[in-house]
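The structure under discussion appears below in the form of structure tokens.
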Amino acid sequence: MNVLILGSGGREHALTLKLSESKKINKLFVAPGNAGTNKIAINVDVNPTDFDGIKNLVLSEDIKMVVVGPEAPLVEGVHDFFLSDEQLKNIPVIGPKKHGALLEGSKDFSKQFMQKHNIPTAKYQSFTKDNLQEGYAFLETLKPPFVLKADGLAAGKGVLILNSLEEAKKELKEMVSNQKFGEASSTVVIEEFLKGIELSVFVLTDGINYKILPSAKDYKRIGEGDKGLNTGGMGAISPVPFADDAFLKKVEDLIVKPTVDGLRKDGIDYRGFIFIGLMNDNGNPSVVEYNVRMGDPETEVVLPRIESDLLDLFEGVANQNLGEKSFSITSKTATTVMLVSGGYPEAYEKNKEINGLENINESIVFHAGTSLKEDKVLTNGGRVMAITSFGENIQEALDKSYSSIEKIHFDKMNFRKDIGFDLL
């Protein structure tokens, strides 16, 4: 069959590569894609939120399945758009409908959902400019650090963790009254700070059955030792050593099952990925946040570890017989290190030529912010590419990734040299 993947980052390159291994694939299309997807699929210059453009592409190329990479098209209702169109309604979309996408699209909705279904998470309340004084009073009941989250999508930048009560009050006012994060922060969730070690668990569900994908841990800060500004993610490790069978059993019983069952009980027909950001506090998991798609760069270590046919699993999601599909994961460790543009996550330059990619043979290069011009691969974003390697353990996999990175060059290239430092 012909399949379309929406998106242009490292996650989408990883999805494209995994799907390209399926014997059931005829043609793969990526909209808009990048220089990496261009090698294994057909890039089409259509924005993932241009639903009419997607419709034209699907009909003209006889596409039989659409896999949604990023969150924006899901929150904006691409799945609902397909179901409401006579010509598209029988084409499966891998990713939830608008109602289910609120798990990521609204922090307030997701916190209410967790509370309703007794899913462990931090104590919280939501506030707008109309009850700002109550927000101040709630902050006074909490111990620092204080966590403020914009309710809507803010491109991964809508969460503030502050140590001073005065600063927290000032930032709350900035968010709700002065729209610090635009419309996304007209409502702000304030929650208690969860202590512990973060990790992510990924679930693929057809709304009834589910498969728990490998666990992963990503590294968000730009600087070594987890210092400096937050980024979209500088690297990732899978599996997470402390996420042993006993811990993952707790995650399944306390979080995964109640989440999938809760969606069904609430009448939400959810078909796609659920990313569960977790905090492990002395072996007790609680939910930091939900995302309604795979994470990036975690996808670049999670998908390569799956040995099963990904298209077969997606067909299980579409037909609601995912429980019958075989599912296996390699025991090997995967690590990825993100190469970023100089200056990122603040101002950076694009269109720097990338050299040395032809010399990489021990690692998989997942393109993120790249473009192709006259056969040259150029930088086209802050996070440029993820270098993924396998090993019998974290150190062996990391050694391969860093060894491969030595062969790659572009002007002002930057990366963290300590991915996995806290797990070794």
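The values are calculated or read from the model by the stated rules, or taken from the named source; none is laboratory data. In this text the structure is predicted, and so the values were computed from the model without any measurement. So basically every Cβ, Gly included, is an ideal-geometry build from the backbone, and we count neighbours across all protein chains shown. When the accessible area is computed, the model is the full protein with side chains, heavy atoms only, and any ligands, DNA or RNA have been set aside. Shrake-Rupley method; radii C 1.70, N 1.55, O 1.52, S 1.80 Å.
Kindly flag which residue pairs out of Lys170/Lys220; Lys111/Lys169; Lys24/Lys55; Lys157/Lys195; Lys24/Lys64 have an alpha-carbon separation exceeding 18 Å in this structure.
Details: Lys170/Lys220 25 Å; Lys111/Lys169 21 Å; Lys24/Lys55 22 Å; Lys157/Lys195 20 Å; Lys24/Lys64 12 Å.
Check vs 18 Å cut-off fails for Lys170/Lys220; Lys111/Lys169; Lys24/Lys55; Lys157/Lys195.
Mind checking region 347-411 for GluC sites (Glu not before Pro) that DSSP puts in a loop (not H, G, I, E or B) and that have at most 16 other Cβ atoms within 10 Å? Present the calculation step by step, with values, prior to reporting the outcome.
Details: sites: Glu349, Glu353, Glu358, Glu362, Glu374, Glu392, Glu396, Glu406; in loops: Glu349, Glu362, Glu374, Glu392, Glu406.
Answer in residue order: Glu349, Glu362, Glu374, Glu392, Glu406.
Decide, for the chain, between rounded, prolate and oblate: order the square roots of the alpha carbon gyration tensor eigenvalues as a ≥ b ≥ c, take rounded if a/c falls under 1.5, and otherwise choose prolate if a/b is larger than b/c, else oblate. Before the final figure, lay out each step's value.
Details: a/c = 1.40, a/b = 1.18, b/c = 1.18.
Cα axes put the chain in the rounded bin.
Of Asn355, Val302, Tyr270, which is farthest on the positive side of the dipole of region 269-424, counting Cα position, with +1 on Lys and Arg Cβ, -1 on Asp and Glu Cβ, and the Cα centre as origin?
Asn355
Using a 1.4 angstrom probe and counting only protein chains, how large is the accessible area of Lys412 in Å², to 10?
My reading of the accessible area for Lys412 is about 110 Å².
Can you classify region 342-397 as rounded, prolate or oblate using the Cα gyration tensor, where a ≥ b ≥ c are the square roots of its eigenvalues, rounded means a/c under 1.5, and otherwise it's prolate if a/b beats b/c and oblate if not?
Working: a/c = 3.22, a/b = 1.55, b/c = 2.08.
Oblate shape, in that a/c is at least 1.5 and b/c is the bigger or equal ratio.
Give me the aspartates and glutamates in straight-line cross-link reach of Lys417: C-alpha distance below 16 Å, same-chain residues under 8 apart excluded.
Partners found: Asp218, Glu224, Asp226, Glu396, Asp399, Glu406.
Please find, in a Gaussian network model of the chain (springs between Cα atoms separated by less than 10 Å), the residue of Gly369, Gly223, Gly235 whose mean-square fluctuation is greatest.
Gly223
I'd like the chymotrypsin sites (Phe, Trp or Tyr not before Pro) in region 224-316 restricted to DSSP loop residues with at most 16 other Cβ atoms within 10 Å, sorted by number. It would help to have the intermediate numbers written out before the result.
Details: sites: Phe242, Phe247, Tyr270, Phe273, Phe275, Tyr290, Phe314; in loops: Phe242, Tyr270.
Sites meeting the loop and neighbour criteria: Phe242.
From the Cα gyration tensor of region 1-68, with a ≥ b ≥ c the square roots of its eigenvalues, which class applies: rounded if a/c is under 1.5, or else prolate if a/b is larger than b/c, or else oblate? Intermediate values should be presented prior to the final figure.
On the way: a/c = 1.88, a/b = 1.16, b/c = 1.62.
Note, shape of region 1-68 comes out oblate.
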